[in-house]
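The values are calculated or read from the model by the stated rules, or taken from the named source; none is laboratory data. Please read all numbers here as calculations on a predicted model, not as lab measurements. Positions of Cβ are backbone-derived with ideal geometry, glycine not excepted, and every protein chain shown enters the neighbour counts.
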Ligand code: GLA
């Protein structure tokens, strides 16, 4: 059993393989957090303390105040002055609630999240449900803890039921609260922008509130929902690290408050700025799921916990199968595509071992540039005179699979859809909505819009043999207003928008069960666990330049496994090492190409053919192996990392040189995951290495050349 209730101590204990999480019911009323960290047997009960100015209940003494004990969920207005997890406004208009412990239940499986994506469980997964009750609003609050033992992961989500006679408004909702009895920590977050996602930031916590967030209606390029806290000296292999993430793709808030007692409150959820929600009597609301993990041995362990968890419980099972090596038309042709051209692409693709041709933007409606056509999801007959069905049949006859680009959530004002239904875009009455990339956002909170999209995609793709959809989203949400909701409910639009997107994604999965979905939002604008529940990989960034990609991919890997990263080789310079460098950076993740195959010399084509067949020998390590980050590109002239198979028999090591170094310089790289008693051979050069040397004394010679990379594929040959 992973979850226990110790009756005599009134303690709930949640154990994973290496961690323990504990809290206590205080005076049969409060939930007091006790411990989260390394696995531990005896957990100390709450130590009473008195603090002036702290409010306490008349029936209790002043040793218990919500102002200073660590909470499992914090409520606004009833004595806890720190940042609240839940702010609920009932008919008294005050926002004050005081939820009291009522009961608990432990069960196998999990609670479904009412149209939201969530982590998959198996028959052994346990969930703890805690019921709280607020007598004035007559609301029940159910807190859920689902325990993923082998990945050292615990997830949190909540459900609110309005059993009263009046409506209540949720004004702030945070799925996860973690009160840590310390503040000697650094906060790690990934910020960025379009074309430069996942920049690494590490800063010490300070008193007051620090936060990262998105108000963009998408998880965003600007701040990824992943966040970690670590001890000041934590490294890849040592120190304590707490990691967090959110299974949601819209606006979010990650908030940390360091309080008067030098403790840190971590909150993760929908927040309060871009979210509110009215519950009528009898209605329920379920929050998205947040996850957390703990590592006592540095970032590497946290990263591997996330990777294992995401592969086992978040990604669709197809993500664990070999991913097709695609040739994407975007950087090759942009909007300038037609049947004849793409059939030639397919012919050439087949010759060099490409698995799938992906037809990107430009195939539908009046889409000749980014000013028109979004929303008109039928093939452009000038470009595809024989229709999509016949075109795709011809592609397939050439022996390659077929993928197609869509951007369902958007509309150009210059489109038939907008001309027929201008009211279907997000907008606010009497205001003209802003454009971004010449497009408006469809109101995905409106079921009529989703029904329309279902019907048009159903018709256009009916019978067409599509293996893959690239689902894009190329702007953020502003002027967030919907004609479907009353003025008091407009705060619900962004959340309902996300639920509409998830509904449509679910429809795609059911309607096209054999097709994969790659998600994308101008690259990594929705690189989150919500999207990963539907898509087998994500287009990591619109920046395909390998120099910058090295940074983006390295930070992305901190939180997400390589199997989620779609990485393309684009526009190599003829001659030199450019193609080789691009390839060796791209095989940090799932390899693809994005270049004009018709303009390539035979030399380049045969080089690509060689790359693809080489990649197929070791891609299982990237897709399923354990990832070890040796040297980050952020503070060094070079970076290095490796993937290792579960049995430790195979290792794929990459070393990337960013800047010119002195030639002849060697770097010590300790491949700790090598088997000490094994002999490994480099598959490419035949050179042999002892496992013990790889672990402690492996020196790699730098080429000294800026923008170059080396790949070593090591196999255990002991006894062979
Ligand atoms: C976004 C994507 C690109 C491409 C274009 C098409 O920018 O990230 O890969 O699909 O849209 O318009």
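Values computed for the structure shown
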read-out: So residue 589, is it within 16 Å of the ligand (Cβ to nearest atom) and touching a strand residue (DSSP E or B) at 6+ places or on another chain (Cβ under 6 Å); value: yes
read-out: In segment 390-409, the residues that are part of a loop (DSSP other than H, G, I, E, B) and within 24 Å of residue 538 (Cα to Cα); value: 400, 407, 408, 409
read-out: Condition met for residue 114 (free of Cβ contacts under 8 Å to residues at least 40 places away in the same chain and either surrounded by fewer than 21 Cβ atoms within 10 Å (Cβ to Cβ) or assigned to a loop (DSSP other than H, G, I, E, B) (or both)); value: no
read-out: Residue within segment 89-99 that is in the same structural domain as residue 259 (by TED's automatic domain parsing) and under 28 Å from residue 294 (Cβ atoms) present; value: yes
read-out: Single condition residue 384 does not satisfy, out of (1) part of a loop (DSSP other than H, G, I, E, B); (2) surrounded by fewer than 16 Cβ atoms within 10 Å (Cβ to Cβ); (3) away from the ligand (no atom under 16 Å from the Cβ); value: (2)
read-out: Boolean, residue 282 is in the same structural domain as residue 240 (by TED's automatic domain parsing), more than 16 Å from the ligand (Cβ to nearest atom) and either within 26 Å of residue 172 (Cα to Cα) or within 18 Å of the chain's Cα centre (by Cα) (or both); value: yes
read-out: Some residue of segment 678-695 being in contact with a helix residue (DSSP H, G or I) (Cβ under 6 Å, 6 or more places away or on another chain) and farther than 24 Å from residue 637 by Cβ; value: yes
read-out: Scope segment 125-156; condition over 19 Å from residue 292 (Cα atoms) and part of a loop (DSSP other than H, G, I, E, B); matching residues; value: 135, 136, 137, 138
read-out: Check on residue 622, touching a residue at least 60 places away in the same chain (Cβ under 8 Å) and either within 16 Å of the ligand (Cβ to nearest atom) or part of a strand (DSSP E or B) (or both); value: no
read-out: The listed residue being within 16 Å of the ligand (Cβ to nearest atom) and in contact (Cβ under 8 Å) with a residue 60 or more places away in the chain, out of 495, 469, 457, 461; value: 469
read-out: Count - residues of segment 84-94 that are touching a residue at least 40 places away in the same chain (Cβ under 8 Å), farther than 21 Å from residue 144 by Cβ and in a loop (DSSP other than H, G, I, E, B); value: 3
read-out: Sole residue being touching a strand residue (DSSP E or B) at 6+ places or on another chain (Cβ under 9 Å) and either modelled with pLDDT of 95 or more or within 16 Å of the ligand (Cβ to nearest atom) (or both), chosen from 315, 320; value: 315
read-out: Residue ranges of strands (runs of 3 or more DSSP E) in segment 232-305 with at least 2 members within 30 Å of residue 646 (Cβ to Cβ) and in contact with a helix residue (DSSP H, G or I) (Cβ under 8 Å, 6 or more places away or on another chain); value: 241-247, 289-295
read-out: Failed condition for residue 641, given (1) surrounded by 20 or more Cβ atoms within 10 Å (Cβ to Cβ); (2) at pLDDT below 95; (3) out of contact with any helix residue (DSSP H, G or I) (no Cβ under 6 Å at 6 or more places or on another chain); value: (2)
read-out: Residues of segment 500-533 satisfying the condition of being out of contact with any strand residue (DSSP E or B) (no Cβ under 9 Å at 6 or more places or on another chain), in contact (Cβ under 8 Å) with a residue 24 or more places away in the chain and surrounded by fewer than 19 Cβ atoms within 10 Å (Cβ to Cβ); value: 503, 506, 507, 511, 514
read-out: Per-region count, segment 324-364, residues in a loop (DSSP other than H, G, I, E, B), within 16 Å of the ligand (Cβ to nearest atom) and crowded, with 20+ Cβ neighbours inside 10 Å; value: 6
read-out: Breaking point among (1) touching a residue at least 24 places away in the same chain (Cβ under 8 Å); (2) closer than 29 Å to residue 318 by Cα, for residue 481; value: (2)
